[in-house]
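**Q** Dumping the structure here so I can ask a few things about it.
The values are calculated or read from the model by the stated rules, or taken from the named source; none is laboratory data. Owing to the predicted nature of the structure, the values given are computational and were not obtained by experimental measurement. FYI the Cβ positions are ideal-geometry reconstructions off the backbone, even for glycines, and counts take in every protein chain you see.
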Amino acid sequence: MDFQLSEEERIFKQMVHDFADRRIAPLVDVWEKSDVSVIDYGDIIAEYRDLGLLGITLPERYGGSGLPAIYAVLAMEELARYSTMASGLVMETSFGPIRAVEQFGTEEQKDRFIPPTCRGEKFMAVAMTEPGAGSALTDLTTRAVLKGDHYLVNGQKRFISGGGHSHWYMVYVRMSEQKGHKGIGGIVVEKDTAGLTFGKQEQFMGLHGMASCDLIFEDCLIPRENLIIPEGGFAKLMQAFDVERCGNATQSLGIAWGALEAAKKYSQERIAFGKPICEFQAVQFLLADMAMKVEAARLLIYRAAVNAGKGLPSVFESSVAKCFANEMAKEVTDMALQVFGGYGYSKEYPIERMLRDSRGWPVAGGTVQMQRINIAGAMLGRRFNQR
Ligand SMILES: Cc1cc2nc3c(=O)[nH]c(=O)nc-3n(C[C@H](O)[C@H](O)[C@H](O)COP(=O)(O)OP(=O)(O)OC[C@H]3O[C@@H](n4cnc5c(N)ncnc54)[C@H](O)[C@@H]3O)c2cc1C
C-alpha cells in the first residue's frame with residue numbers, strides 16, 4: 001500500500017492545478033452571476049481537449065487518454081475547488097454515460113460516440129429519472145417499442161443535467177411489459193430527434209449555470225443501432241453508473257477542499273481582537289475538523305478510483321465514497337461559512353455559493369439514503385427489496 005501519488009500523477013495534478021488557477025478562477029464569478037441561466041463553455045472546451053482533460057479514462061484508440069480513473073479524480077478535484085461547472089466537463093467525459101458505451105457498446109457504437117466526446121464536439125447526458133421514478137428507478141415508464149429498424153420512444157425524464165444542451169442522451173427505457181428491472185434497457189437519443197422536446201430550465205438553489213430540464217419524448221423514432229444495453233441489461237447500466245458515483249463524490253470533495261483552502265487563507269488575514277482569527281483555538285478546531293473530513297473523503301474516493309483502475313469500481317467502495325463525501329461537503333462548507341463570519345453569508349464571497357453547490361450532490365446520482373442501501377446490501381451480500 002502506498003499513499004503517495006506517483007511522479008506522473010503529481011505532475012498531472014499540478015498541471016490541472018495551474019490551469020484551474022489561471023483559467024477557471026477568473027470565470028467562476030462570471031458563470032455564477034451571469035444572467036444566462038446555462039453557461040457557455042466557449043473556447044475553454046478546446047483548452048480542456050488540448051490538455052487531455054476530455055476522455056481521460058476513455059481508450060486511446062478512440063481518442064481518449066486511456067488513463068486509470070484516479071487521473072480523472074485528480075483533475076476533477078483541482079477544478080471543482082473553484083467550480084463544479086468546470087469539473088463537470090471531466091466528469092461527463094470520464095465518468096458519465098459514455099462509459100456505458102465504452103464498457104458495453106459494440107465497436108461501431110464506440111467508434112461513433114467516443115471520438116467526438118474526446119474532441120469536445122459532442123457530450124452525452126444520462127436520462128434516468130422520471131416524474132414518477134427517482135430513487136425507485138425501476139418504476140420507470142418511458143417506453144421503447146421496436147418497429148422495424150427503429151424504436152418508438154415515448155415518455156418523460158426529469159432533472160436531466162445537460163438537458164437541451166448535450167448532443168446525446170443515454171435514456172433508460174422500458175422495452176417490454178416486463179415490470180421492474182427486467183424490462184429496462186439503455187438507448188442513445190440524439191438532441192435533434194423529431195418528437196424530442198425540452199422542458200423549462202430548472203431553477204436550482206445552487207449549481208447555477210448547469211443545464212437541467214425535463215426531456216419529453218413523443219413518438220421519437222430512434223435507429224436500432226442506438227441501442228447500447230438491450231432489455232434485461234439493467235445490471236450493466238448500474239455497473240457503469242458505479243463509476244459516475246466516483247465523479248459525483250469528487251465534486252463534493254472539490255467543493256469542500258475549495259472551502260477549506262479559502263477558510264485557511266481568510267483565517268490568517270481577518271483580524272479580530274487585534275490578531276488573525278487563526279490564532280483563536282476555536283477557529284483552529286474548525287479548520288482541523290474540516291481538514292480531517294476532507295482528508296477522509298479524499299482517501300475513500302482515491303481507494304474506489306485506484307481499485308477501479310481502468311475498469312469500473314465496486315458498488316461498495318463507490319457508494320461509501322459518494323455517501324461520505326456528499327455529507328462531508330455539506331458540513332465543511334457550513335464550517336467554512338462560520339470561519340468567514342458575516343462575510344461567509346454574503347454573496348460577495350464564494351462560501352455561500354459553495355454551501356449551496358454542495359447541497360446538490362447528495363441528491364444527484366442516487367441519494368445518500370440510497371447509497372446506504374447499496375452499502376448495507378454489499379456488506380450483507382443481499383439485495384433488500386424496498387417494495
Ligand atoms: C443537481 C441534480 C442533478 C441531477 N442530474 C440528473 C441527471 O443528470 N440524470 C437523471 O436521470 N437524474 C438526475 N437527477 C435526479 C436525481 O437522480 C433524483 O432527484 C434522485 O435520484 C432522487 O429522486 P427523486 O428526486 O425522485 O426523490 P425520491 O425518490 O422521491 O426521494 C425522496 C426522498 O425519499 C428518500 N427515499 C426514497 N426511497 C427510499 C428508500 N427506499 N429508503 C430510504 N429513503 C428513500 C430519498 O432518499 C429522498 O430523501 C439530478 C438531481 C439533482 C438534484
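**Q** What do you reckon, is Met328 more than 15 Å from the chain's Cα centre (by Cα), in the same structural domain as Glu269 (by TED's automatic domain parsing), buried (at least 16 other Cβ atoms within 10 Å of the Cβ) and within 16 Å of the ligand (Cβ to nearest atom)? Walk me through how you get there before you give the answer.
**A** Numbers: more than 15 Å from the chain's Cα centre (by Cα): yes; in the same structural domain as Glu269 (by TED's automatic domain parsing): yes; buried (at least 16 other Cβ atoms within 10 Å of the Cβ): yes; within 16 Å of the ligand (Cβ to nearest atom): no.
No, not satisfied.
**Q** Could I ask something else about it? Conditions first: (1) within 25 Å of Glu102 (Cα to Cα); (2) of a type in the set (Val, Ile, Thr); (3) more than 25 Å from the chain's Cα centre (by Cα). Ile229 passes all but one, so which condition is the exception?
**A** Every listed condition holds for Ile229 apart from (3).
**Q** Counting just the residues of the range 217-244 that are within 19 Å of His150 (Cβ to Cβ) and either within 14 Å of the ligand (Cβ to nearest atom) or of a type in the set (Asp, Glu) (or both), which one comes out surrounded by the most Cβ atoms within 10 Å (Cβ to Cβ)? Spell out the reasoning first.
**A** Initial filter on the range 217-244 (within 19 Å of His150 (Cβ to Cβ)): 217-231.
Of the ones still in play, those that are also either within 14 Å of the ligand (Cβ to nearest atom) or of a type in the set (Asp, Glu) (or both) are 217-219, 225, 231.
Values: Phe217: 24, Glu218: 12, Asp219: 10, Glu225: 13, Glu231: 18.
Among them, the one singled out is Phe217.
**Q** While we're on this one: Considering only residues that are part of a strand (DSSP E or B) and of a type outside the set (D, E, K, R), look in the range 132-145 and name the one that is farthest from the ligand (Cβ to nearest atom). Working first, answer last.
**A** Keep residues of the range 132-145 that are part of a strand (DSSP E or B), which gives 133, 143-145.
Checking which are of a type outside the set (D, E, K, R) leaves us with 133, 144-145.
Working: Ala133: 7, Ala144: 16, Val145: 21 Å.
Within the range 132-145, the match that is farthest from the ligand (Cβ to nearest atom) is Val145.
**Q** Then there is this: If you take the residues in the range 2-35 that are acidic (Asp, Glu) and within 23 Å of the chain's Cα centre (by Cα), which one is surrounded by the most Cβ atoms within 10 Å (Cβ to Cβ)?
**A** Residues of the range 2-35 acidic (Asp, Glu): 2, 7-9, 18, 21, 29, 32, 35.
Pick out the ones that are also within 23 Å of the chain's Cα centre (by Cα) and you get 9, 18, 21, 29, 32.
Working: Glu9: 16, Asp18: 11, Asp21: 13, Asp29: 13, Glu32: 18.
Per the stated criteria, the residue is Glu32.
**Q** For the range 341-361, which positions are crowded, with 22+ Cβ neighbours inside 10 Å, of a type outside the set (A, V, I, L, M) and within 16 Å of the chain's Cα centre (by Cα)?
**A** Asp357, Ser358, Gly360, Trp361
**Q** List pairs: first residue in the range 274-299 and within 13 Å of Ala263 (Cα to Cα), second residue surrounded by 14 or more Cβ atoms within 10 Å (Cβ to Cβ) and of a type in the set (S, T, N, Q) anywhere in the structure, Cβ distance under 7 angstrom, at least six positions apart or on different chains.
**A** Pro276/Ser267; Ile277/Ser267; Cys278/Ser267; Val283/Ser267; Leu286/Gln338; Leu287/Ser267
**Q** Looking at Tyr349, is it of a type in the set (Ser, Thr, Tyr) and under 28 Å from Met91 (Cα atoms)? Before you say what the answer is, go through the steps one by one.
**A** Numbers: of a type in the set (Ser, Thr, Tyr): yes; under 28 Å from Met91 (Cα atoms): yes.
Considered against the rule, which asks whether it is of a type in the set (Ser, Thr, Tyr) and under 28 Å from Met91 (Cα atoms), Tyr349 comes out as yes.
**Q** Of everything in the range 331-367 that's basic (Lys, Arg) and not in a loop (DSSP other than H, G, I, E, B), which residue is nearest to the ligand (Cβ to nearest atom)? It would help to see each step written out before you state the result.
**A** Within the range 331-367, the subset basic (Lys, Arg) is 347, 353, 356, 359.
In the following step, the residues that additionally are not in a loop (DSSP other than H, G, I, E, B) were identified as 353, 356.
Details: Arg353: 14, Arg356: 11 Å.
Per the stated criteria, the residue is Arg356.
**Q** While we're on this one: Return the residues of the range 331-340 that are surrounded by fewer than 23 Cβ atoms within 10 Å (Cβ to Cβ) and closer than 19 Å to Gly88 by Cβ; say none if nothing qualifies.
**A** Those that are surrounded by fewer than 23 Cβ atoms within 10 Å (Cβ to Cβ) and closer than 19 Å to Gly88 by Cβ: none in the range 331-340.
**Q** Out of (1) outside any helix (DSSP H, G or I); (2) basic (Lys, Arg); (3) within 11 Å of the ligand (Cβ to nearest atom), what's the single condition that is false for Arg372?
**A** With (1) outside any helix (DSSP H, G or I); (2) basic (Lys, Arg); (3) within 11 Å of the ligand (Cβ to nearest atom) applied to Arg372, the lone miss is (1).
**Q** Would it be correct to say that Leu54 is surrounded by 22 or more Cβ atoms within 10 Å (Cβ to Cβ) and not in a helix (DSSP H, G or I)?
**A** Working: surrounded by 22 or more Cβ atoms within 10 Å (Cβ to Cβ): yes; not in a helix (DSSP H, G or I): yes.
Spelling it out, Leu54 is indeed surrounded by 22 or more Cβ atoms within 10 Å (Cβ to Cβ) and not in a helix (DSSP H, G or I).
**Q** Find all pairs meeting these conditions: Cβ atoms under 6 angstrom apart; at least six residues apart or on different chains; first residue within the range 360-376 and in the same structural domain as Ala329 (by TED's automatic domain parsing) and under 15 Å from Met328 (Cβ atoms); second residue of a type in the set (Gly, Ala, Ser) and more than 7 Å from the ligand (Cβ to nearest atom).
**A** Here the result reads Gly360/Gly206; Trp361/Ser252; Gln371/Ser319, each pair linking the range 360-376 to a residue that is of a type in the set (Gly, Ala, Ser) and more than 7 Å from the ligand (Cβ to nearest atom).
**Q** Further, regarding this structure: Test each condition in (1) more than 12 Å from the ligand (Cβ to nearest atom); (2) under 17 Å from the mean Cα position of the chain (by Cα); (3) of a type outside the set (A, V, I, L, M, F, W, C) for Gly148 and report the one that comes out false.
**A** Single failed check for Gly148: (2).
**Q** Go over the candidates Lys179, Lys157 one by one and state the one that is of a type outside the set (A, V, I, L, M) and surrounded by 22 or more Cβ atoms within 10 Å (Cβ to Cβ). Don't jump to the end; show me each part of the working.
**A** Numbers: Lys179 fails: surrounded by 22 or more Cβ atoms within 10 Å (Cβ to Cβ).
Only one candidate passes the filter, namely Lys157.
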